[in-house]
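Single-structure report; data block below.
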Amino acid sequence: MTNTRRFTQLDDVWPAGLARRLGAMLYDGFLVTAIWIAVTVVHLALFRFVLGQTAEEIGTTAFDIWSLRVMLLFFVTLFFVYSWRRGGMTLGMQAWRLRVQTLDGHAITLQQSLIRCATAWLSLAAFGIGYWWVLFDGQRRSWPDIASKTETVVLPKK
């Protein structure tokens, strides 16, 4: 099912530059850290109190390590997908007046959100090149924008 909700202020937005994107990423980085701390606490409690491992045993097996990594990735992806699909922005993007939308001004789909997340991780893993790309692209698109066929725009002041 596609999301057909169309955003407003479409004539008053412009492509987001690198500085705003990095500002929003910094803000969202604090939220991601909080999510990771909460998930880690729940993971540790699960292994300690439900599975009965001693404190010294937790994190010593491949299952312990990989289950935590999968949970961290899942919940951060859930945060971004939910935020982008709900209103086109995360809390950090709200602070910097940014919105992600389809090229024709609609809320992005689940598939576009997942593609954005995957490409964002690749962009960061490539030393941020996927975001520095904004400086060289004539339409100020990052790799996540290009791969998901979306755009990140600046909203006008109210």
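The values are calculated or read from the model by the stated rules, or taken from the named source; none is laboratory data. All values derive from a computational prediction rather than experimental measurement. Counting neighbours? That spans all protein chains shown, and the Cβs are built from the backbone with ideal geometry, glycine included. Calculation scope for accessible area: heavy atoms of the full protein, side chains included, ligands and nucleic acids excluded. Shrake-Rupley method; radii C 1.70, N 1.55, O 1.52, S 1.80 Å.
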Quick one: Cα convex hull volume of the range 118-157, Å³ per residue?
80 Å³
Could you compute Rg(Cα) / (2.2 N^0.38 Å) for the chain, with N its residue count?
1.19
Percent of all Cα-Cα pairs per 5 Å bin for the range 33-125, counting from 0 up to the last occupied bin, reads 2, 12, 18, 19, 15, 10, 9, 8, 4, 1, 0
Pair Ile129, Thr54: separation of 7 Å Cα→Cβ label points (nm)
4.8 nm
0 to 90° range, to nearest 10: angle between helix 110-125 axis and the chain longest Cα axis:
80 degrees
Ordering Thr40, Thr150 by accessible area with a probe of 1.4 Å, largest first, what comes out?
Thr40, Thr150
Relative contact order, percent, the range 26-158 [alpha-carbon distance under 8 Å, six or more residues apart]
21 percent
Heavy atoms of the protein only, probe of 1.4 Å, neighbouring chains included. What is the accessible area of Leu73 in Å², nearest 10?
90 Å²
Using a 1.4 Å probe over the heavy atoms of the protein chains, calculate the carbon and sulfur portion of the accessible area of the chain as a whole percent.
69 percent
Accessible area per residue in Å² at 1.4 Å probe, computed on the range 1-81
68 Å²
Give the calculated FRET efficiency between Asp12 and Phe136 to the nearest 0.05, with a Förster radius of 25 Å applied to their Cβ-Cβ distance.
0.45
Zero-based 5 Å bins, Cα pair distances in the range 2-73, whole percents:
3, 12, 15, 13, 11, 11, 9, 8, 7, 6, 3, 1
Please arrange Lys149, Lys157 by accessible surface area, largest first, computed with a 1.4 Å probe and ligands excluded.
Lys157, Lys149
